[in-house]
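This report concerns only the one structure given below.
Every number in this text was worked out from the coordinates using simple rules, so none of it is lab data. Bear in mind that the values here come from a model prediction, so they are computed numbers and not experimental data. Note that each Cβ is placed from the backbone with ideal geometry, even for glycine, and that neighbours are counted across all protein chains shown.
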Amino acid sequence: MNLKNDFPWLVKNKYIYFDNGATTLKPNCVIDAIKKYYVDYGTNVHNLDSKFCYQTFKAIQNARQTIASIFNAQAKNVVFCSGATEGLSLIAHGLAHVLPKNSEVLLNDFEHASNLIPWQHETKSKHFKLKFAKLQSKKIEDSIFNAISSKTKVVSIALTSNVYGNMVDYKTLVTKIRKKWKDIVIIADAAQYIPYKNVDTKCGIDFVVCSAHKMLGPTGIGAVYVANKWLNILPPLRFGGGMNEVISHSSFTYAHEFEKFEGGSLPSAQILGWQAAIKYLNKVGREKIYQHGLELKKYFVKRAKEIKNLIIFNPNTPLSIILINYKKVHSQDFANWLGSKGFIVRAGLSCAKLSKHPLKVDNFVRVSLYLYNTKQEIDKFINTVKKFKHGDELSTII
Ligand SMILES: Cc1ncc(COP(=O)(O)O)c(C=O)c1O
């Protein structure tokens, strides 16, 4: 795939961008869609008092439908929020009010902080506990299913871990859970999954969250898919204009469907930018992008074997996220050195701090690839690392 010219950052900066798990670069069409909003529409979406407001209203309505398509859902089930973090905070906060005493929320050690801390925070004032599925088998789905007990009321998992690069076969898992436990709430953190594949919520998922910036869209926008049954039950997180219907001195009533959760002015430019990103990804082909990533990962792993000091922690997972370390060099120092040679990577535990338990390492360098990365870039990376000598990292510590 030769798409570099679509990405002004890549044209301008002569760096190799291997940090797509953190955020992705934006194609021209996304930047153009944001500009179009400010130049052509410019108005708030809640107000239908002029032709400009109406245009914005129609554009956002249309974008909501495009975004619903990545969940195979209807537009009314799409709640805009600032990203996966706010989405998971909304769900954890809302469910904490309805969870029975002594119930359990099931997570696992690969969860991102945004699917851990909101739950931990709620356990301080509510009477439920967290339980962590241990990786007992190669299949994460089996570990999760086997950890469910009669106390489990919520299963909240990342469909793809931002460090391990696994892919949960969520349809099989959800079907298995639903056969035995109809009422368990199933939450999918699709922040790293949806850049590659849509999530088919029809299989019985209650909530899905994602962030636009991980899939070529703008920062500051994401969405929660909220299943019909929760639209009424779940309380909102943001209170104010737009989310109410009737207000008196002492009370108010909620607006309906997604509006109830979208208090305040919507980030219209970001929503329209996100729509453009989805259209771009669909045009290139999501499956093609996924296969491209897989091929790059296999190539990276094969070439990395040429360097005896390079350790790879997840050579066989199916997503183009690769965790490495250089023997006897701290990951932060190695990442700085790579940065000085023109490669942008991420060091540490990438916000999945409990992953140090299953991975048995407390820091690593994450290389995360996406549609604009190439085998030539991997060759450059490997050839550069081949020249690395212990001690070189000391020259580049910031
Ligand atoms: C798996 C996963 N979940 C949630 C998040 C949080 O996303 P955001 O920071 O866009 O809210 C991330 C971000 O890296 C992630 O990788």
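Rounded to the nearest 5, what % of DSSP beta bridges with both residues in the chain are antiparallel? Before the final figure, lay out each step's value.
Values: 21 of 41 bridges.
DSSP beta bridges in the chain are roughly 50 percent antiparallel.
Mind telling me which of LYS360, LYS279, LYS260 comes out most flexible in a GNM of the chain, alpha-carbon contacts under 10 Å?
Top of the fluctuation ranking is LYS360.
Name the most mobile residue of LYS139, LYS353, LYS387, meaning the one with the largest mean-square fluctuation, in a Gaussian network model of the chain with Cα contacts below 10 Å.
Largest GNM mean-square fluctuation: LYS387.
Counting each pair of different Cα atoms once, what's the Kirkwood radius of segment 258-358 in Å, rounded to one decimal? Mind showing how you got there, number by number?
Numbers: mean 1/r = 0.0585 Å⁻¹.
Radius from the Kirkwood sum: 17.1 Å.
What does the highest-first list of 234-240, 316-322, 192-198 look like by mean Cβ count within 10 Å?
Values: 234-240: 16.3, 316-322: 20.6, 192-198: 23.7.
Ranked by mean Cβ neighbours within 10 Å, highest first: 192-198, 316-322, 234-240.
What is the set of long-range amide H partners of LEU130 at a cut-off below 5 Å, with H atoms built 1.01 Å from backbone N?
HN-HN under 5 Å from LEU130: VAL105.
To make sure I understand, if each residue's beta carbon is the centre and we count other beta carbons within 10 Å, what order do VAL39, VAL105, VAL174, VAL361 fall in, fewest to most? Could the numbers behind the result be given before it?
Details: VAL39 9, VAL105 25, VAL174 22, VAL361 15.
Ascending Cβ contact count within 10 Å gives the list VAL39, VAL361, VAL174, VAL105.
Treat the count of other C-beta atoms within 10 Å as a stand-in for reagent exposure and order MET215, MET1, MET243 from fewest to most.
Working: MET215 26, MET1 12, MET243 19.
Listed from fewest to most nearby Cβ atoms, that is MET1, MET243, MET215.
Among the listed pairs LYS180/LYS356; LYS153/LYS229; LYS131/LYS182; LYS26/LYS283; LYS197/LYS298, which are separated by more than 22 Å between their Cα atoms? Could you put the intermediate results ahead of the total?
Values: LYS180/LYS356 32 Å; LYS153/LYS229 16 Å; LYS131/LYS182 20 Å; LYS26/LYS283 15 Å; LYS197/LYS298 19 Å.
Checking Cα-Cα distances, LYS180/LYS356 exceed 22 Å.
Express in whole angstrom the spacing between the alpha-carbon centres of segment 325-365 and segment 242-293.
34 Å
What residue among ASP49, ASP109, ASP200 shows peak mean-square fluctuation when the chain is described by a Gaussian network model with Cα springs under 10 Å?
Ranking ASP49, ASP109, ASP200 by mean-square fluctuation puts ASP49 first.
How high is the relative contact order of segment 122-244, in percent, counting Cα pairs under 8 Å that sit 6 or more residues apart?
Working: 140 pairs, mean separation 20.3, N = 123.
Dividing the mean separation by the residue count of segment 122-244 yields 17 percent.
Compute the distance from the alpha-carbon center of segment 198-236 to that of segment 26-75, in whole Å.
Segment 198-236 and segment 26-75 have Cα centres spaced 18 Å from each other.
Most exposed first by the Cβ proxy, i.e. fewest other Cβ within 10 Å, how do SER103, SER355, SER340 rank? Intermediate results must be reported in sequence, preceding the final value.
Numbers: SER103 17, SER355 25, SER340 14.
So the ranking, lowest neighbour count to highest, is SER340, SER103, SER355.
Report the semi-axes of the equivalent ellipsoid for segment 11-146 in whole Å, largest first, where each axis is √(5λ) for an eigenvalue λ of the Cα gyration tensor.
Details: eigenvalues 277, 110, 39 Å².
Value: 37, 24, 14 Å, ordered largest first.
Output wanted: per-residue J couplings in Hz (rounded whole) for segment 251-267, from phi through Karplus 6.51 cos²θ - 1.76 cosθ + 1.60, θ = phi - 60°, x for Gly and Pro.
Listing the rounded values in order: 7, 8, 10, 7, 6, 9, 6, 4, 4, 4, 9, 10, x, x, 6, 6, x Hz.
Compute the angle between helix 375-386 and the longest alpha-carbon principal axis of the chain, please, reported from 0 to 90 degrees and rounded to the nearest 10.
On a 0 to 90 degree scale, this one is about 50.
Counting only Cα atoms, I'd like the Rg/Rh figure for the chain, Kirkwood definition for Rh.
Details: Rg = 22.0 Å, Rh = 22.3 Å.
Rg divided by Rh gives 0.99.
For LYS360, list the lysines whose Cα falls under 16 Å from its own Cα; do not include residues on the same chain fewer than 8 positions away.
Partners within reach: LYS134, LYS138, LYS327, LYS328.
Let me have the 222 nm mean residue ellipticity of the chain computed from DSSP H runs of 4+ only, each contributing -39500 (n - 2.57), with the sum over all residues rounded to the nearest 500. Walk me through the numbers on the way to the answer.
Details: 13 runs with 140 residues, N = 398.
Helix contribution divided over all residues of the chain: -10500 deg cm²/dmol.
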